[in-house]
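> Before anything else, here's the structure in question.
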């Protein structure tokens, strides 16, 4: 996982952002530099222009600025901006800050019997090493119409 740095004194740790996972959002922007005593991060998800599931998160003051850990609940675009206790807003000059939340698919220790290729309309075949008894956990994807004589590498 890496850190994404945005303009205006904002950075996000634990990117790429995955649904069901937490990210840490750090803010050292205009409100922080003007001496705000409290800062909230307003967040929401969007597929277009309007926000849904809007929530104001109180942020924690640290030596490096203000921080908040947020669990990403939905896919789509995660939008956020900041406000202080005097109701002054920092919304990146009306653009807000945002990033895309992607699917989180944990890698299993051993593939399921259905195989990793099922959702793509393919079936899976254990690699040669897995078929001869060595537990490699690797699979090749193949078309369902595959026949053993057509692909010499897998036989």
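The values are calculated or read from the model by the stated rules, or taken from the named source; none is laboratory data. Quick caveat: nothing in here was measured; it's all calculated off a predicted structure. Here the Cβ is made from the backbone with ideal geometry for all residues, glycine too, and neighbour counts use every protein chain on show.
> Condition first: touching a strand residue (DSSP E or B) at 6+ places or on another chain (Cβ under 8 Å), outside any strand (DSSP E or B), within 16 Å of residue 99 (Cα to Cα) and touching a residue at least 60 places away in the same chain (Cβ under 8 Å). Can you find one or more residues in the stretch 20-33 that meet it? Talk me through it step by step, then tell me what you get.
Kept after step one, since they are touching a strand residue (DSSP E or B) at 6+ places or on another chain (Cβ under 8 Å), are these residues of the stretch 20-33: 20-32.
In the following step, the residues that additionally are outside any strand (DSSP E or B) were identified as 20-21, 28-32.
After this cut, where a residue has to be within 16 Å of residue 99 (Cα to Cα) as well, the list is 20-21.
Narrowing further to those that are touching a residue at least 60 places away in the same chain (Cβ under 8 Å): 20-21.
Looking for residues that are touching a strand residue (DSSP E or B) at 6+ places or on another chain (Cβ under 8 Å), outside any strand (DSSP E or B), within 16 Å of residue 99 (Cα to Cα) and touching a residue at least 60 places away in the same chain (Cβ under 8 Å), one finds at least one in the stretch 20-33, hence yes.
> So which residues in the stretch 62-81 are surrounded by fewer than 16 Cβ atoms within 10 Å (Cβ to Cβ) and closer than 14 Å to residue 25 by Cβ, if there are any at all?
Residues satisfying the conditions are 62, 64, 69, 71.
> Further question on the same structure: Condition test on residue 73, is it in the same structural domain as residue 9 (by TED's automatic domain parsing) and out of contact with any strand residue (DSSP E or B) (no Cβ under 6 Å at 6 or more places or on another chain)?
Working: in the same structural domain as residue 9 (by TED's automatic domain parsing): yes; out of contact with any strand residue (DSSP E or B) (no Cβ under 6 Å at 6 or more places or on another chain): yes.
For residue 73, the condition - in the same structural domain as residue 9 (by TED's automatic domain parsing) and out of contact with any strand residue (DSSP E or B) (no Cβ under 6 Å at 6 or more places or on another chain) - is met.
> Across the stretch 61-75, which residue is farthest from the chain's Cα centre (by Cα) among those that are in a strand (DSSP E or B) and farther than 19 Å from residue 88 by Cβ? Full working, then the answer.
Within the stretch 61-75, the first condition is being in a strand (DSSP E or B), and the residues that meet it are 61-62, 65-71.
With farther than 19 Å from residue 88 by Cβ added as a condition, the list becomes 62, 67, 69-71.
Numbers: 62: 24, 67: 18, 69: 13, 70: 11, 71: 10 Å.
Checked the stretch 61-75; the qualifying residue farthest from the chain's Cα centre (by Cα) is 62.
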